[in-house]
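Trainee: Here's a structure for you.
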Amino acid sequence: MLAVVWGAMQVSDVFAEQLEKRFAGQGNSILAGFAPLIKKTLKIFVFAIGVLLTIDNLGFNVTGILATLGLGTAAIALAAQDSIKNGFGTLMIILDRPFQVGDWIQVGDKVDGNVESIGLRSTKVRTWPKTIISIPNGVLANEYINNWSRMPKRRVKQVVGISYDATAQDMEGLVEEFRQILRADPGVNQEFILVSFTDFGESSLDILVYYFTSTIAWIDHMDIRQRINQRIMEAVHRRGLSIAFPARSLYLEGPVASKMAGMPHESRWNAQGPLPGDTVL
């Protein structure tokens, strides 16, 4: 029995070493980090089975021993439930692969940054303020993870407001010119482009501009967006129009308004609006 147990432990060591070499050759540092844990677990399992078989062959009651060990295992598991939870969380990350080192991820509403390392207990994320946040893998396994690095392309959705002095023909021409600008730019993904005159806003005639950039790199994406916006502004100015801004018209009457205009307060509003002589600001 001792020879069998010793041989089984040696086989488990060889198996764990081959597993570690295979994971390291594939560049998977997470699975390679699990190899020592697998090695120890196999050795403990083989040793425990060997001890129980030996005791059984000597004529002792193994059932009572197993019941005692079960109670002890339950107590240990209850005390180490956080560690066990993180271990299962690490296993889920390995199986599902929601992210890898270097990915830009967002975890809930609290964590946003690049993954620096994935360990057996926790994952470290470098945030944009350059701090490091260590997140237990058990928490990650139960959170919504948004992996921005897996985007095939990056979206741009914006509304260009044109002032109300534009005519219907101006709006039709601008929409077509905006489409041509997007189709001619090499940084714009050509699979889907949408430009439409959509709304009569409070202070503007709104044109929806919706497209995707071919690159997902943040700096390159912003350069493309800036270039498109500049060409849109040039197209608007060439037609003698302007980008609208929020504006309100206030109609004032009474002694104060008349005094501001330098005329006596004699006029009153009627149902059709201000009378001649009323002050409109």
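Trainee: Answer yes or no as to whether Ile219 is of a type in the set (Val, Ile, Thr), modelled with pLDDT of 70 or more and surrounded by fewer than 13 Cβ atoms within 10 Å (Cβ to Cβ).
Mentor: Considered against the rule, which asks whether it is of a type in the set (Val, Ile, Thr), modelled with pLDDT of 70 or more and surrounded by fewer than 13 Cβ atoms within 10 Å (Cβ to Cβ), Ile219 comes out as yes.
Trainee: Now for a separate question. Which of the following residues is crowded, with 16+ Cβ neighbours inside 10 Å, without any contact (Cβ under 8 Å) to a residue 40 or more places away in the chain and of a type in the set (Ser, Thr, Tyr): Ser117, Ser122? So that I can check it myself, show each step before the final result.
Mentor: Details: Ser117 fails: crowded, with 16+ Cβ neighbours inside 10 Å.
None of the others qualify; the one that does is Ser122.
Trainee: Let me ask another. Looking only at the stretch 147-176, filter to residues that are assigned to a loop (DSSP other than H, G, I, E, B) and touching a residue at least 60 places away in the same chain (Cβ under 8 Å); which one of those is nearest to Glu116 (Cα to Cα)?
Mentor: Here the answer is Met151.
Trainee: Take Gly27 and tell me if it is outside any helix (DSSP H, G or I) and either out of contact with any Pro (no Cβ under 6 Å at 6 or more places or on another chain) or at pLDDT 65 or above (or both).
Mentor: So Gly27 passes the test.
The values are calculated or read from the model by the stated rules, or taken from the named source; none is laboratory data. All of these numbers come straight from a predicted model, not from anything done at the bench. Backbone-built Cβ (ideal geometry, glycine too); neighbour counts: all protein chains shown.
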